[in-house]
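Asker: Here it is, the structure, as structure tokens.
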Amino acid sequence: MTTEKLQALLDSMTIREKVGQLVQCNAGQFIQNDMEITGPEGELLPAEDLNRVMGSVLTFEDAAQAKALQDRHLAADPKKIPLLLMLDVIHGLRTTYPIPLAMGCSFDDDLMAECADMARKESAVCGVHVTFNPMVDTARDARWGRILETSSEEPLLNSRMGAAVVRATQGEDLSRPENVACCVKHFAAYGAPEGGRDYNTVDLSERTLREAYLPAYKACLDAGARLIMPSFNALNGIPSVANRWLMNRVLREEWGFNGVVISDYNAVGELVTHGVAENLKDAVRLSMLAGCDIDMVRNAYYLYLEDLVRDGVVPEEMLDQAVLRVLKLKNELGLFENPYHGADEEAEKKLYLCPAHREIARRAAEESAVLLKNEGILPLSDRIRKAALIGPFADERHLVGFWSRPGAWKDAVTLPEGIQALLPDLELIIERGCGAEIGDTDESGIDRAVEAARSADAVILALGEPENDSGEGRSRATLTLPGPQMTLARRVLAANPNTAVILFNGRPLELTELDELAPAILEMWYPGTEAGNAAARLLFGRANPCGKLSAGLPRSVGQYPMPYNRMNTGRPKPQPDSQAFPFTSCYLDTPNLPLYSFGHGLSYTTFSYESLTLDRTVMRPEESVRVTIRVRNTGSGAGKEVVQLYLRDPVASVVRPVQQLIDYRKISLEPGEVKEVAFTVTEEQLRFWDFDCSFRSEPGTFELSTGYADHLLLTRTFVLQ
Ligand code: BGC
């Protein structure tokens, strides 16, 4: 449809019809489905009238439902404006790939894009027009259960992963039925709730907000994301959906975003609960004036916006602009010509879980696993005749994680299935030993598990967190392995020292005691559909671990928030990992550093960093520095290494972080092979949010290092003139 026709359509609409375009309903109101509802339902209003006017729905199951919803709406809507169909496709639709936090550990933007591309194909045939993805909330506190949904604690990694998802999902041309629009979320700083408690208030300086939290949303918008979702939380006192500074000033004016803003689930209604709106009508006024175009599921706009416009409280011009943004998106998606977009029942059957998609999911699961520790136990030898698979995750299928589709876990490959497919002759004894539920105290299975451990040549001890313990609304105040898992671990590790621990969980856990006892630990996160196959290949050396932590693991939950790019202090502890040092910034009972820092991850081979060289030591602002890092594979197998580049600005007019990742690249090396990785550092990467509230760099000395957080190697300096 041409722009003129679109404008003519808008001009022909009544206020009520316009308001309808800003109303999003839950598909469950019109069709039966099993999709999980993530918050309180809005008021259940007359479904027929809603169906006639509404502009979009969320949370449906398949192409048949998508078509039925569209048909039903178009039959009732006199203006025949197609619905937008939206769905949370966070880490795959039917073929589930690892949770985003795990994907961050791959440090591989291309692999992220490959996974997002697979999800795009499956989503398109399911009938999805918009996915509420990527979620790029920087998270520095694993008590917050939604850390699982983000790529990292690291703004650059988060930005690059998010942008890769946007480009792969949206493609070049949204009108093509195989492409899907992205809604980036949750704007802003939803990942910094006080105490790590979901939905809790967020209080941040503008500097921290600008430097650590906003860049990833901006990167996704720069990559072309068409929608953005304000977060549930209050940011410095104002809930995001009503935050005019955030949405009008930063988003629209500074960043020039002209796409659609959609509230989070019932967030408009929650303005009343927050206590910033007198009532629901007031909440509508606040959200509209702050620039929130669509009201997700609360039906508050449906109830009150028309009156507010008629009374002149919300200018009709503002309503028109919001509606035009929604109509433009529908037009861009080609919905006026093809309201089903890509929905196709036959293609669903062919694509879902097809071998090509499973292969991508398996590779992603392998590349996002992190080998935390290995004292010569892994990989396990093929010569082992009898292995004991012990622990609550030893024979578990719930390995896909939060935000997977209902029932997606049923398609996941378990650990024994993966191992038997690889080594059919290996004798496996499986003992659960105990449960992993919070509060679970039943230790009655541990004796049998210990017996099994004693009788085996090697033990794979599969521990972790139940799938539903991380995700939305799943915050924890303790981060140790839940239930009696540590009792099981102590006894099994004592019974058979040839034990490798494998972990399935959605957030960084506190593994301090386990780390002291276990000779090898492989962190798998929630790997998705191909869990068991990927784990088996890693355990038995068919794949070589190469993941690096996208968020550090704490020694103690009391260290949170624990950003690797922490600010320098006036009293830094001289040796961060030594004993407490009087009157320095330290704990009396725990070292300062994480148990495993951001960027850590081992391989079955070894790498040595031979040199880091700069092509100049003095740089003018318009110039750049070329950094060359030479890496050698010093082990006996092929492997992949993530070369990381860190910056430090030792003296500036404001306090700067002790280390900051500014670039990374993953490389493959054959045994003995040497590669040089070149990075270009520009003045823009040296900027920070200064005292006068703008991004700029300052002349002076800068340090560049490689290695990983808190373990930097080969530092070189240069001067910015
Ligand atoms: C979540 C969003 C999600 C929305 C729709 C909310 O509870 O915070 O991330 O997109 O539900 O399912």
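The values are calculated or read from the model by the stated rules, or taken from the named source; none is laboratory data. Values in this document were obtained by computation on a predicted structure and should not be read as measured data. Virtual Cβ from ideal backbone geometry, glycine too; neighbours counted across all protein chains shown.
Asker: Give the residues of the range 55-68 that are without any contact (Cβ under 8 Å) to a residue 60 or more places away in the chain and away from the ligand (no atom under 16 Å from the Cβ), sorted by residue number.
Answerer: Passing the criteria: only Ala68.
Asker: Test Val261 against the stated conditions and say whether it is aliphatic (A, V, I, L, M), touching a strand residue (DSSP E or B) at 6+ places or on another chain (Cβ under 7 Å) and outside any loop (DSSP other than H, G, I, E, B).
Answerer: yes
Rundown of residues vs (1) surrounded by 22 or more Cβ atoms within 10 Å (Cβ to Cβ); (2) part of a helix (DSSP H, G or I); (3) within 14 Å of the ligand (Cβ to nearest atom), yes/no style:
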position: Asn200; (1), (2), (3): no, no, yes
position: Leu204; (1), (2), (3): no, no, no
position: Arg207; (1), (2), (3): no, yes, no
position: Arg210; (1), (2), (3): no, yes, no
position: Tyr217; (1), (2), (3): yes, yes, yes
position: Leu221; (1), (2), (3): yes, yes, no
position: Ala225; (1), (2), (3): yes, no, yes
position: Ile228; (1), (2), (3): yes, no, yes
position: Phe232; (1), (2), (3): yes, no, yes
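Asker: If you don't mind, another one. So which residues in the range 616-659 are under 31 Å from the mean Cα position of the chain (by Cα) and acidic (Asp, Glu), if there are any at all?
Answerer: Passing the criteria: Glu641, Asp649.
Asker: OK, next. Might you let me know whether the range 335-354 holds any residue that is farther than 20 Å from Ala520 by Cα, in contact with a Ser or Thr (Cβ under 7 Å, 6 or more places away or on another chain) and surrounded by fewer than 24 Cβ atoms within 10 Å (Cβ to Cβ)?
Answerer: Checking the range 335-354: at least one residue is farther than 20 Å from Ala520 by Cα, in contact with a Ser or Thr (Cβ under 7 Å, 6 or more places away or on another chain) and surrounded by fewer than 24 Cβ atoms within 10 Å (Cβ to Cβ).
Asker: Still on this structure, I have one more. Quick check on the range 5-17. Is at least one of its residues within 16 Å of the ligand (Cβ to nearest atom), of a type outside the set (Phe, Trp, Tyr) and modelled with pLDDT of 95 or more?
Answerer: Looking through the range 5-17, none of the residues is within 16 Å of the ligand (Cβ to nearest atom), of a type outside the set (Phe, Trp, Tyr) and modelled with pLDDT of 95 or more.
Condition check ((1) touching a residue at least 40 places away in the same chain (Cβ under 8 Å); (2) part of a loop (DSSP other than H, G, I, E, B)) across all residues:
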site	(1), (2)
Arg555	yes, yes
Gly570	no, yes
Ser578	no, yes
Phe581	no, yes
Thr584	no, yes
Thr605	yes, yes
Thr613	yes, no
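Yes/no per residue for (1) in the same structural domain as Arg146 (by TED's automatic domain parsing); (2) part of a helix (DSSP H, G or I); (3) among the hydroxyl-bearing types (Ser, Thr, Tyr); (4) buried (at least 23 other Cβ atoms within 10 Å of the Cβ):
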| position | (1), (2), (3), (4) |
| --- | --- |
| Glu366 | no, yes, no, yes |
| Gly376 | no, no, no, no |
| Asp382 | no, no, no, no |
| Ala387 | no, no, no, yes |
| Glu437 | no, no, no, no |
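Asker: Pull up the range 234-265, narrow it to residues that are among the aliphatic types (A, V, I, L, M) and within 13 Å of the ligand (Cβ to nearest atom), then point me to the one that is nearest to Asp293 (Cα to Cα).
Answerer: It comes out as Ile262.
Asker: Glu516: of a type in the set (D, E, K, R) and either within 16 Å of the ligand (Cβ to nearest atom) or buried (at least 24 other Cβ atoms within 10 Å of the Cβ) (or both), yes or no?
Answerer: no
Asker: Would you be able to say whether some residue in the range 286-296 is at pLDDT below 95, within 16 Å of the ligand (Cβ to nearest atom) and farther than 16 Å from Ala234 by Cβ?
Answerer: no
Asker: Assess whether Gly196 counts as being in contact (Cβ under 8 Å) with a residue 40 or more places away in the chain and either under 16 Å from Phe132 (Cβ atoms) or surrounded by 24 or more Cβ atoms within 10 Å (Cβ to Cβ) (or both).
Answerer: yes
Asker: Ok, one more. Can you give me the number of residues within the range 171-221 that are in contact with a Lys or Arg (Cβ under 8 Å, 6 or more places away or on another chain) and either farther than 14 Å from Asp141 by Cα or assigned by TED's automatic domain parsing to the domain that holds Phe695 (or both)?
Answerer: Total satisfying the criteria: 9.
Asker: Then there's this: Considering the range 160-178 alone, what residues qualify as being surrounded by 24 or more Cβ atoms within 10 Å (Cβ to Cβ) and part of a loop (DSSP other than H, G, I, E, B)?
Answerer: Within the range 160-178, none qualify.
Asker: Can I ask one more? Being in contact with a Gly (Cβ under 9 Å, 6 or more places away or on another chain), outside any loop (DSSP other than H, G, I, E, B) and closer than 22 Å to Val166 by Cα is the filter; apply it to the range 69-93 and report the residue that is nearest to the ligand (Cβ to nearest atom).
Answerer: The extreme case among them is Leu87.
Asker: Counting only residues that are assigned to a loop (DSSP other than H, G, I, E, B) and more than 15 Å from the ligand (Cβ to nearest atom), how many does the range 266-285 have?
Answerer: Matching residues across the range 266-285 total 5.
Asker: Quick one: in the range 126-159, of everything that is within 11 Å of the ligand (Cβ to nearest atom) and assigned to a helix (DSSP H, G or I), which residue is nearest to the chain's Cα centre (by Cα)?
Answerer: Glu149
Asker: Can you list residue pairs whose Cβ atoms sit under 6 Å apart, with the first residue in the range 261-280 being among the acidic types (Asp, Glu) and the second being within 13 Å of the ligand (Cβ to nearest atom)? Count only pairs 6 or more apart in sequence or on different chains.
Answerer: These pairs meet every condition: Asp264/Met229; Asp264/Phe232.
Asker: Being more than 16 Å from the ligand (Cβ to nearest atom) and of a type in the set (S, T, N, Q) is the filter here, so list the residues in the range 160-192 that pass it.
Answerer: Within the range 160-192, Gln170, Ser175, Asn179 meet the criteria.
Asker: Follow-up. Does Ile99 meet the test of being among the β-branched types (Val, Ile, Thr) and within 16 Å of the ligand (Cβ to nearest atom)?
Answerer: Yes, satisfied.
Asker: Continuing with the same structure: In this structure, does Glu513 turn out to be under 26 Å from Ile360 (Cα atoms) and either of a type outside the set (Lys, Arg) or without any contact (Cβ under 8 Å) to a residue 24 or more places away in the chain (or both)?
Answerer: no
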